[in-house]
Amino acid sequence: MSVGIYCLNLVDMVMVLASNSRINSQRLWDSLEEMALIGPGVRGGCNRQTLTDADGDGRHLFKRWCEAAGMTVGVDKMGTMFATRPGTDPDALPVYVGSHLDTQPTGGKYDGVLGVLGALEVVRSMNDMGIKTKHPIVVTNWANEEGARFAPAMLASGVFAGIHTLDYAYSRKDLEGKTYGDELKRIGWVGDEEVGARKMHAYYELHIEQGPILEAEDKTIGVVTHCQGLWWLEFTLTGKEAHTGSTPMNMRVNAGLAMSRIFELVQTVAMDNQPGCVGGVGQVKFSPNSRNVLPGTVVFTVDIRSPDLTKLNAMRARIEAEAPKICDGLGVKCAVEAVGHFDPVTFTPELVTTVRNAAEKLGYSHMNVISGAGHDACWAAKVAPTTMIMCPCVDGLSHNEDEKITIDWAAAGADVLLHAVLETAEIVE
Ligand code: GLV
Ligand code: MN
Ligand code: MN
């Protein structure tokens, strides 16, 4: 041991320990694998959609793990779970760390889950190392991040941030007409906490990139500076159900044809706004959805995104101006409702710097990135200093059962999360 180390006091010793510390990568990986067994998909991924029985089972497992790590779990009226590791200062606001355990219907094992279980691993590692912090740490599982079953996405964090009311959130319906409020009750996860009553010192979210840039640039850590904004526009087109064989072409009121022309419009609008803007359609409901009936009603959601608010709003305005003209020309009725939105987000510069410094200190290659996907961090940023950390995923593939990451990428992301959280939560001896 060098003379220098003999001269360290206890606080310095804690700092040396902390600066060399790493999370337990195998334990993190095993937990990711174990969670993925709940709500398994059909091709190796997951189908743990919001407020399904599988979501309930995943919540119970997560709660057991949190309690085993010495945390106390609270639940709010939206079903968001908050697991608290106390700090040493009773007046210090907590540092929140989390993401979501719900998945797409054909989702991967890591989207959201890495952020929640990575946060749990941070606490488990701190327990192993005997590290105490001034600020409590709250590992968070936000409800309904995906918006796959109940639009909009990031619903619970949106209520938490005061963007949506609880009544609005409870009234959201899935494609079968079941409401968020009824389904939350059914799976037994209506908590007693008022949504948004908690105050945050800071919020960190670790997430896979869900895009190809980090892997292509051979960087291990994405330092997330911004998140692009989004509009979800739900179109309801009304035509006339009629026989596909016997109805002459000139007598059809074809809502399906209008839909396909609007798809083309969305593509054109996005391509006219390159680089940077995207647009597409992921959900369609054709009624009656029978091979030999022209659809009477078609409901679908246009998803457009951009980091530039002016471009984002201009894309929306153009689609909303041109789509009704397409429908008019075909005799189809057109109604549009905005069912999801957030403006582009700038994350808190001080926390972004903390993340970059942590990656640097740990020797991980890194670069700045803009998140293409939406995250609960986007709403948390409205009420607290917030930022995100990203790690790569293979071929940038996500919202797909084939989503893949490596144990080393997961560990690097969680290591950076650990060090950023320790910096913000302030280690005490
Ligand atoms: C959330 O997964 C999103 O749609 O970006
Ligand atoms: Mn996600
Ligand atoms: Mn997702």
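The values are calculated or read from the model by the stated rules, or taken from the named source; none is laboratory data. No experiment lies behind these values; they were computed from the predicted model shown. Note: ideal-geometry Cβ built from the backbone for every residue, glycine included; neighbour counts use all protein chains shown.
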Run down 343, 415 and say which single residue is more than 16 Å from ligand 3 (Cβ to nearest atom), under 22 Å from residue 151 (Cα atoms), at pLDDT 95 or above and among the charged types (D, E, K, R).
-> 343
The one condition in (1) within 16 Å of ligand 1 (Cβ to nearest atom); (2) β-branched (Val, Ile, Thr); (3) surrounded by fewer than 23 Cβ atoms within 10 Å (Cβ to Cβ) that residue 224 fails to fulfil | (3)
For region 233-260, which residues satisfy the criterion of being over 30 Å from residue 314 (Cα atoms) and either among the polar types (S, T, N, Q) or within 33 Å of the chain's Cα centre (by Cα) (or both)?
-> 244, 246, 247, 250
Test for residue 369: is it more than 23 Å from residue 150 (Cα to Cα), within 18 Å of the chain's Cα centre (by Cα) and part of a strand (DSSP E or B) | yes
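Tell me which residues, restricted to region 373-385, are under 17 Å from residue 145 (Cα atoms) and either of a type outside the set (Gly, Ala, Ser) or in a helix (DSSP H, G or I) (or both). Give the derivation first.
First, pick out the residues of region 373-385 that are under 17 Å from residue 145 (Cα atoms): 373-382.
Listed by number, the residues that qualify are 375, 376, 377, 378, 379, 380, 382.
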Can you tell me which residue in region 44-65 is farthest from residue 141 (Cα to Cα), limited to those that are surrounded by 23 or more Cβ atoms within 10 Å (Cβ to Cβ) and of a type outside the set (Val, Ile, Thr)?
-> 45
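Taking the options 398, 371, name whichever one is touching a residue at least 60 places away in the same chain (Cβ under 8 Å), within 16 Å of ligand 3 (Cβ to nearest atom) and touching a helix residue (DSSP H, G or I) at 6+ places or on another chain (Cβ under 9 Å).
On the way: 398 fails: touching a helix residue (DSSP H, G or I) at 6+ places or on another chain (Cβ under 9 Å).
Of 398, 371, the one residue that is touching a residue at least 60 places away in the same chain (Cβ under 8 Å), within 16 Å of ligand 3 (Cβ to nearest atom) and touching a helix residue (DSSP H, G or I) at 6+ places or on another chain (Cβ under 9 Å) is 371.
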Kindly list, by first and then second residue, each pair from a residue in region 177-206 that is farther than 18 Å from residue 102 by Cα to a residue that is among the small types (Gly, Ala, Ser) and in a strand (DSSP E or B), limited to pairs with Cβ atoms under 6 Å and residues at least 6 apart or on different chains.
-> 193/74
Can you find even one residue in region 201-218 that is within 30 Å of residue 259 (Cβ to Cβ) and either hydroxyl-bearing (Ser, Thr, Tyr) or at pLDDT below 95 (or both)?
-> no
Out of (1) more than 16 Å from ligand 3 (Cβ to nearest atom); (2) surrounded by fewer than 19 Cβ atoms within 10 Å (Cβ to Cβ), the one residue 282 does not meet is (1)
Which condition does residue 199 not pass, out of (1) closer than 30 Å to residue 118 by Cβ; (2) crowded, with 17+ Cβ neighbours inside 10 Å, if it passes all the others?
-> (2)
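Return yes or no: is residue 98 of a type outside the set (Asp, Glu), in contact with a Gly (Cβ under 7 Å, 6 or more places away or on another chain) and away from ligand 3 (no atom under 16 Å from the Cβ)? Steps first, please.
On the way: of a type outside the set (Asp, Glu): yes; in contact with a Gly (Cβ under 7 Å, 6 or more places away or on another chain): yes; away from ligand 3 (no atom under 16 Å from the Cβ): no.
Considered against the rule, which asks whether it is of a type outside the set (Asp, Glu), in contact with a Gly (Cβ under 7 Å, 6 or more places away or on another chain) and away from ligand 3 (no atom under 16 Å from the Cβ), residue 98 comes out as no.
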